[in-house]
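*Asks:* Pasting a structure below so you can have a look.
Only the coordinates and a few stated rules stand behind these numbers; no lab work does. What you are looking at is a predicted structure, and each value in this text was computed from that prediction instead of being measured. We place every Cβ from the backbone using ideal geometry, glycine too, and count neighbours over all the protein chains shown.
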């Protein structure tokens, strides 16, 4: 990509080429938090306070573990799925965690593949 005659190489974090994930984290008090990222391990460390940049919600409700991590095709799909999950009730979210299925769409679970906490 050329911007004002400066060549810019796309990075791994480039939102168009990176693999995106949507995740559900269970907090120490049992609440479920949903988010999206290109780097689940880094994001969990941010939420845990090890790195800067975690969500405000998880500063008050410390994360315990990933309950589900779903691999999606791109940023747009990740944001749409995140939006959908955030509107589910707790029982529906627990069903999603168990079945990896939402609106009759089977999601690709990446929890084992990434060896996440």
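*Asks:* Starting from the eigenvalues of the Cα gyration tensor, five times each then square-rooted, give me the equivalent ellipsoid semi-axes of region 19-114, largest first, whole Å.
*Replies:* Numbers: eigenvalues 81, 48, 27 Å².
In descending order the semi-axes read 20, 16, 12 Å.
*Asks:* What ranking do 86, 56 get, fewest neighbouring Cβ atoms within 10 angstrom at the top? Walk me through the intermediate numbers first.
*Replies:* Numbers: 86 12, 56 7.
The fewest-first ordering by Cβ neighbours comes to 56, 86.
*Asks:* Still on this model: Give the separation of the Cα centroids, region 76-117 to region 11-73, in Å.
*Replies:* That distance is 13 Å.
*Asks:* For 23, 33, what ranking results if the residue with the fewest other Cβ atoms within 10 Å of its Cβ goes first?
*Replies:* Least to most surrounded, the residues fall as 33, 23.
*Asks:* Residue separation times 0.36 nm, minus the C-alpha to C-alpha distance between residue 87 and residue 50: what's the value? Let's see the in-between values first.
*Replies:* On the way: separation 37, 0.36 × 37 = 13.32 nm, distance 2.87 nm.
This chain segment gains 10.4 nm when fully extended.
*Asks:* Tell me, 61, 47 in order of fewest to most beta-carbon neighbours within 10 Å?
*Replies:* Details: 61 19, 47 24.
Going from sparsest to densest Cβ surroundings: 61, 47.
*Asks:* How much length is gained on full extension from residue 95 to residue 57, taking 0.36 nm per residue of separation minus their Cα-Cα distance? Mind dumping the intermediate values first?
*Replies:* Numbers: separation 38, 0.36 × 38 = 13.68 nm, distance 2.28 nm.
In short, 11.4 nm is gained.
*Asks:* Label points 7 Å out from Cα along the Cβ direction at residue 73 and residue 31: separation in nm?
*Replies:* Modelled inter-label distance: 3.4 nm.
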